[in-house]
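Let me begin by presenting the structure, written as structure tokens, before commenting on it.
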Amino acid sequence: MTVASELSFFASTDGDIAYLDTGTGDPVVLLHAGYVDHRLFEAQTPVLAADHRVIAVDIRGHGWTANATRPFRWADDLAGLLRHLDAGPAVLVGVSMGGAVAGDTAIEYPELVRGIVLSGASVSDFEYTHEVTRQRVAESHRTLHSGDIEGWLKVFLRSVAGPFREPDETDPRILDHLREMALHTISKHTPGERNWHVPMTDTWARVPKIDVPVLTVNGTLDSPDLLADAERFADTAQNGRSVLVEGTSHFPNLEKPEEFNAIVLDFLRSLQHPAGTDRLY
């Protein structure tokens, strides 16, 4: 398990941003889902770091990164870190909230991005319309803001299975891993505290301007509205495509890590050898 002593810290204008920096080569930035941290990618980091510089970030308010004390945007935080590390343009690989961060950054700072992979994600202002998923989102908000952490954890872990499975149909080791990360992040916060994040709006109008390669990777058992929106994202960007991972929901990188890794590595290779070019070896 990665611990704070293995992390590096960037002194942003509003506290430290924690990140793991390993491997050499073209930079790949891993952006985790909400409530967890960089350890979401424990099955991806060493595989990708064999041939790439991998930077796994704890997004503001998560893991070992400082909480916000004033308004901030995800894309601004990530741009500041990438410039500090001289790590752009980079490929951004984001899961759930992390995918939203990747998309926002590609829109706001195209010079820092050479490709994006969105898993369990669409635009950052996406809202669920599927009834079961909407009910779970509402219950998550209710329990979290009332301080019912045990109740919130049950909802959070139930959501991992997606709207078509029960939690006991998910590998308990995955649930334990997510529970540990979520409790660590939640312990940094208090019920009812101010949310300083400034969301981007009207993102769909700007997605057509994304001209770097885009890949969406989603589990077939995830919420149907999210799957449709992810495919729309791939179709709306100038150079996008979508892939489905059978038998997984919101976290294909956890449920089928080898398949997820192979998909991402294939995408990274395609950036080195774009279609229509001759390989030198």
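The values are calculated or read from the model by the stated rules, or taken from the named source; none is laboratory data. Quick caveat: nothing in here was measured; it's all calculated off a predicted structure. Heads up, the Cβs are rebuilt from the backbone with ideal geometry, glycines too, and the neighbour counts pull from every protein chain shown. For the accessible areas, the whole protein counts, side chains as well, though only heavy atoms, and no ligand, DNA or RNA atoms are used. Shrake-Rupley method; radii C 1.70, N 1.55, O 1.52, S 1.80 Å.
Points worth noting:
- Any hit, region 79-101, residues being within 19 Å of Ile174 (Cα to Cα), out of contact with any Cys (no Cβ under 9 Å at 6 or more places or on another chain) and assigned to a helix (DSSP H, G or I): yes
- Unmet requirement for Arg60, which otherwise passes all of (1) within 14 Å of the chain's Cα centre (by Cα); (2) open to solvent by 20 Å² or more (accessible area, probe 1.4 Å): (2)
- Residue list for region 223-237, restricted to those being touching a residue at least 40 places away in the same chain (Cβ under 8 Å) and either in contact with a strand residue (DSSP E or B) (Cβ under 8 Å, 6 or more places away or on another chain) or open to solvent by 10 Å² or more (accessible area, probe 1.4 Å) (or both): Pro224, Asp225, Leu226, Asp229, Ala230, Arg232, Phe233
- Residue match in region 113-125 (condition: free of Cβ contacts under 8 Å to residues at least 60 places away in the same chain and not aromatic (Phe, Trp, Tyr)): no
- Flag for Arg70 being basic (Lys, Arg), over 19 Å from the mean Cα position of the chain (by Cα) and assigned to a loop (DSSP other than H, G, I, E, B): yes
- Checking each residue in region 128-171 for being open to solvent by 80 Å² or more (accessible area, probe 1.4 Å) and assigned to a helix (DSSP H, G or I) picks out Glu131, Arg134, Gln135, His141, Arg142, His145, Glu150, Lys154, Arg158, Asp168, Glu169.
- The residues in region 2-19 that are modelled with pLDDT of 95 or more, over 19 Å from the mean Cα position of the chain (by Cα) and open to solvent by less than 50 Å² (accessible area, probe 1.4 Å) can be counted, and the count is 5.
- Close pairs from region 142-156: first at pLDDT below 90, partner among the β-branched types (Val, Ile, Thr), Cβ under 9 Å, at least 6 apart: Leu144/Val155; Leu144/Ile186; Gly147/Thr190
- Here is the figure for region 217-258: residues that are among the charged types (D, E, K, R) and in a helix (DSSP H, G or I) total 7.
- Any strands (runs of 3 or more DSSP E) falling wholly within region 1-63 and containing at least 1 residues that are among the hydroxyl-bearing types (Ser, Thr, Tyr) and touching a residue at least 12 places away in the same chain (Cβ under 8 Å): 8-12, 15-22
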